Amino acid sequence: MKKIIVLVLILSFFNGYLLSQDIKGSYYCSMKKSSAPDSYREYFLSTNNPKHSYDVLNYKLNLDIWNCFVSPYPKSFTATNHITLRVDSVLNNIKLNAVNTSLVIDSVKLLAGTPLTISHSSNILTVNLDRSYNPGEIVDIIIYYRHNNVADQGFYVYNGMVFTDCEPEGARKWFPCWDRPSDKATVDITVKTPSNVKLGSNGRLQDSTKTGDTIYYRWVSADPVATYITVLTGRVNYGLDIVYWHRLSNPADSIPIRLYYNPGENYTNIKNLMIPMHTYLSQKYSEYPFEKNGFATIMSGAGFTWGGMENQTLTSLCPNCWSEMTVLHECAHQWFGDMITCGTWADIWLNEGFATFSEAIWKERTGGYTAYKTEINSDANTYLNNNPGWAISVPDWAVNTPSNSVLFNYAITYCKGSCVLHLLRYVLGDTLFFNTIYNYATDTVNFRYKSAVIPDFVTKVNQETGQDLNWFFNQWIYQPNHPVYANSYNITDLGGENWRINFVAKQTQTNTIPFYKMPVEIKFSFSTGSDTTVRVMNDVNNQLFSFYFNRQPTSVVFDPGNMIVLKQATLIMSTGENNLQLPGKFELKQNSPNPFNPVTLIEFSIPNNSSVKLTLYDVLGKEITTLINDYRTAGKYSENFNAMKLSSGVYFYVLEAGDFRDVKKMTLLK
């Protein structure tokens, strides 16, 4: 084997979405969450099915964080947590998440006063009950605890500001809880602060009592809240403005939308958008579900650099991040993520895919379908250019929460997630699609104010549409990557002004399932008259479709509107009686993108039927893998190459077809 000697070129590049001046709200959301420190991950029960040995009904917290707002701004505080829970299986102890380095548990007792013994190790608080409890019984315990003066990326203190930031599993850093998204509970939170502090939390402001230099805020949420979207946000000399949105079902009833802002910030545009934003999303998805909403910017330097976090009824925003799309994305989460919460972290698509898709829906409000499709195309391009090669949902994530950089990967969780909803809209049509989403959001028996896993949503879609769409979700949600179409056609003159077009729909991907079932559109142009577009169901690979016309066809276009946005595709005129158009020469193209990470496309052409071998080598000439080694008919081909298991560096790919041989260099940058 010849060894190939090369000079290594060092290249720099930027992802396309970083160059955009109008950064999407989903991108800000992803950057905030994916760059956050990973949470503790100790589990003692599988949550494939989001059930547990008990169901928390209410957390009643009382926190004294007065000193946290005063120099030297300690992170320590004292608190109590009164937990009310219903027993779901016979138990004599309760296990809660409570991070040892953050929380000190002083004592635990029953509400009636009986002291309980505890153990607290490996970030698990075990409370030994006074007896065995049977399913259906209610248990009330009160936990007396302290938060240490530590920076734990869950409870933040900075120069007169206090805030919490919990996704995916950071609530356990500031209060003992069952810290999984499936167990939602109402909350009742009383907080002691200095009198010059404005502080917001979940639900409605039940009361605020000022006594001397102190205010006691009490926030109560009558609607269940997941622990990761339970929030405190307060600041000395916070600005506060309130907008009132009137419910569509009862215009006499209004809800406050509280805007907390840092001094000097300009939030006027967002204030003016609050009413139309809540109205439009209510029309699309169901009436706004909570008793208030709110947005609060975090102080610069406090540790919340990027984006937003959709805490229920009080979203956190980065400093001065009053941008339309960021606020829209987080507002949409109040429906998808807060009202309906992902049951496990394997179901994060039900949060982030829906919120990102909502950005495109919002664009459609004023710019029509063209503006919507431009936004979806942008999501698709970001995915195709930055695809790391894993599925939207991996079942293991239900038990073992992945790193934040995986869970909140922008290309997969957000952009591909959004595009899958667009594909569902394409498959179902507008009326059936939006009716299905609306009925999902208004289903009070199964979803509204509850948690959901993706199979729950699939079942709901099947019920609403009267179709079996399991095939759709199995391929787009649970499989990595996307289809690569290598379609062909020929045109035959049948005589007597009659023509036939044979069209073969073929997929050639090797890094995912071999075939994606989808309806496909094909546009035909003619020497006279207008174009014709047909839609057929492509349900097997290498599927032949024959179309007959009484005028001469001149061209064929596959997916003319780019409705199947998650794909790569080529179309060639194949062997036929007329107008045979085949590549005139052998050609190996430069892979694209290059440099890449970790997926790139290799394209080549062969002018006649040949045995084809496509091989990858490292910089020393060592063979890494054979990508193709089979017989191919004349045409143009593409190979989607995933280098996830390879290290960064320079590689070479070699095409051998007949007497033709060519070499190209590619650069993998991770």
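The simple Förster model, with R0 at 41 Å and r as the Cβ-Cβ distance, assigns residue 619 and residue 374 a FRET efficiency of 0.50. Checking every one of the GluC sites (Glu not before Pro) in region 581-670 against DSSP loop status and a limit of 14 other Cβ atoms within 10 Å picks out no site at all. Straight-line cross-link partners of residue 664 among the aspartates and glutamates, defined as a Cα under 15 Å from its Cα and at least 8 positions apart when in the same chain: 587, 603, 618, 623, 639, 656. Of 660, 73, 395, whose Cα points farthest to the positive end of the dipole of the chain (charges on the beta-carbon: +1 Lys, Arg; -1 Asp, Glu; origin at the Cα centre)? Value: 660. Listed by chain and number, the aspartates and glutamates whose alpha-carbon sits under 19 Å from that of residue 24, ignoring those within fewer than 8 places in the same chain, are 310, 324, 330, 352, 359, 364, 375, 379. Which label belongs to the value computed from this structure, given these candidates for volume of the Cα convex hull per residue in Å³: (i) 205; (ii) 168; (iii) 186? Among (i) 205; (ii) 168; (iii) 186, the one derived from this structure is (iii).
Using only Cα atoms and rounding to the nearest 10 degrees, what angle (0 to 90) does helix 417-428 make with the longest principal axis of the chain? The two axes meet at around 60 degrees.
The longest part of the chain holding none of the exposed loop chymotrypsin sites (Phe, Trp or Tyr not before Pro), meaning those outside H, G, I, E and B in DSSP with at most 10 other Cβ atoms within 10 Å, is 45-670. Here the dipole of region 484-668 is about 300 debye; that uses its Cα centre as origin and unit charges on the Cβ of Lys and Arg (positive) and Asp and Glu (negative). Subtracting the Cα-Cα distance of residue 144 and residue 603 from 0.36 nm times their residue separation leaves 158.8 nm of extension gain. Taking the inverse of the mean 1/r over every pair of distinct Cα atoms in region 529-575 gives a Kirkwood hydrodynamic radius of 13.1 Å. For region 479-603, report the % of Cα-Cα distances exceeding 19 Å. Distances greater than 19 Å cover 54 percent of the Cα pairs. Length gained on full extension, residue 459 to residue 400: 18.8 nm, using 0.36 nm per residue less the C-alpha separation.
Extension gain for residue 645-residue 661 works out to 3.1 nm (0.36 nm per residue, less the C-alpha to C-alpha distance).
Ignoring lysines fewer than eight residues from residue 292 along the same chain, the ones with Cα atoms less than 17 angstrom from its Cα are 198, 271. In this structure, the residue pairs whose Cα-Cα separation is over 20 Å, taken from 373/589; 363/416; 60/184; 95/192, are 373/589; 95/192.
Could you pull out which residues in region 170-198 have an amide N less than 12 Å from a spot 7 Å beyond the Cα of residue 213, following the Cα-Cβ vector? Backbone N within reach: 194-196. The charge dipole of the chain, taken about the Cα centre with unit charges on the Cβ atoms of Lys, Arg (+1) and Asp, Glu (-1), comes to about 840 debye, rounded to the nearest 20.
Mind pulling the angle between the C-alpha long axis of helix 430-441 and the longest principal axis of the chain? Nearest 10 degrees, somewhere in 0 to 90. The helix 430-441 is inclined about 20 degrees to the chain.
Every number here is computed from the coordinates shown, using simple stated rules; none is lab data. All figures in this text were calculated on a predicted structure; none of them were measured in a lab. Positions of Cβ are backbone-derived with ideal geometry, glycine not excepted, and every protein chain shown enters the neighbour counts.
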